[in-house]
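My structure is below; once you've seen it, I'll send some questions.
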């Protein structure tokens, strides 16, 4: 699927030119390089020492009906992909076709520069206006305050917490289940009000 062209003229908080576009297999080198940082892979369900071949395959063969974006900065050394994000169909079959799952990663040295915010806006615009999506959901480690704050800014709410959800750096850590409904969800549903969603 292709949405409308991503916005142009974006910059980071430090003024670096930023573009959002669909990922290419040739981006694997950049993604592989930044995702090896412990601060990145440890907040995902990834393992240390990913292979370049794994990322080449992922970018060459994305899941069916998924929609991903790469964030590319124009640096003095040339263009560089510093973040990757996407939404993916639920595996629950026909009755959960209205649900998309979201994932995101940003290079350590470019976190806090508004890149994740720009990716989030564009992915949610795609979900709301092009993908017939009523609900977007994600999971985030409960100690990842920066990511939780970003998701809440864009309308996600914590719907539950899974204790000891994953093993990370020698310890079990919990995660939050977060969900966001379409801004016009009340007109699309029966028997449920978005006013009753968790705060």
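Computed from the coordinates by the stated procedures, all read-outs in this text should not be read as laboratory data. These numbers were taken from a predicted model, which means no experiment stands behind them. Here the Cβ positions follow ideal geometry from the backbone for every residue, glycine too, while neighbour counts run over all protein chains shown.
Please find the FRET efficiency linking residue 161 to residue 74, where r is the Cβ-Cβ separation and R0 is fixed at 41 Å, and quote it to the nearest 0.05.
The calculated FRET efficiency here is 0.55.
Take every Cα pair under 8 Å in region 10-196 that's 6+ residues apart, average their separations, divide by the length, and report that relative contact order as a whole percent.
Working: 299 pairs, mean separation 31.9, N = 187.
For region 10-196, the relative contact order is 17 percent.
Taking every pair of alpha-carbon atoms in region 10-196, give the share separated by more than 22 Å as a whole percent. Before the final figure, lay out each step's value.
On the way: 8608 of 17391 pairs.
Of the Cα pairs, 49 percent sit more than 22 Å apart.
What percent do you get for the relative contact order of region 1-103 when only Cα pairs under 8 Å and 6+ apart count?
Computed value for region 1-103: 26 percent relative contact order.
Moving on to the next point. Label residue 108 and residue 33 with points 7 Å out from Cα along Cα→Cβ: what is the distance between them in nm?
About 1.5 nm separates the two model spin labels.
For the chain, set up a Gaussian network in which alpha carbons nearer than 10 Å are linked by springs, and say which option among 88, 167, 67 fluctuates the most.
Ranking 88, 167, 67 by mean-square fluctuation puts 167 first.
Say we join alpha carbon atoms closer than 10 Å with springs in a Gaussian network model of the chain; which of 173, 106, 136 then has the biggest fluctuation?
173
Now for a separate question. Need one number: % antiparallel among DSSP beta bridges in region 77-156, to the nearest 5. Provide the component values of the computation, followed by the final result.
On the way: 7 of 10 bridges.
The antiparallel proportion sits near 70 percent.
To the nearest 0.05, how large is the calculated FRET efficiency for residue 98 and residue 49 if R₀ is 30 Å and r is the Cβ-Cβ distance?
Working: r = 37 Å, r/R0 = 1.25.
For R0 = 30 Å, the calculated efficiency reads 0.20.
Another question, then. Taking the chain as a Gaussian network, where each spring joins two C-alpha atoms under 10 Å apart, which residue of 170, 103, 179 fluctuates the most?
170
Further question on the same structure: Where the centroid of each part is defined by its Cα atoms, how far is region 137-178 from region 67-134 in Å?
Using only Cα atoms, the two centres lie 17 Å from each other.
Jot down the per residue volume, in cubic angstrom and as a whole number, of the convex hull over the alpha-carbon atoms of region 83-159. Provide the component values of the computation, followed by the final result.
On the way: hull volume 7.4 nm³, N = 77.
Normalising the Cα hull of region 83-159 by residue number yields 96 Å³.
If you don't mind, another one. May I ask you to sort 16, 47, 75 by Cβ crowding, counting other Cβ atoms within 10 Å and putting the fewest first? The partial results should precede the final answer.
Details: 16 17, 47 8, 75 11.
The most exposed by this proxy come first: 47, 75, 16.
Once the piece of chain linking residue 26 and residue 135 is laid out straight, how much longer is it, given 0.36 nm per residue of separation minus the C-alpha distance between them? Present the calculation step by step, with values, prior to reporting the outcome.
Numbers: separation 109, 0.36 × 109 = 39.24 nm, distance 3.16 nm.
Additional length available on full extension: 36.1 nm.
Which percentage, to the nearest 5, of the DSSP beta bridges contained in the chain is antiparallel? Provide the component values of the computation, followed by the final result.
Details: 37 of 40 bridges.
Among the beta bridges of the chain, antiparallel pairing accounts for roughly 90 percent.
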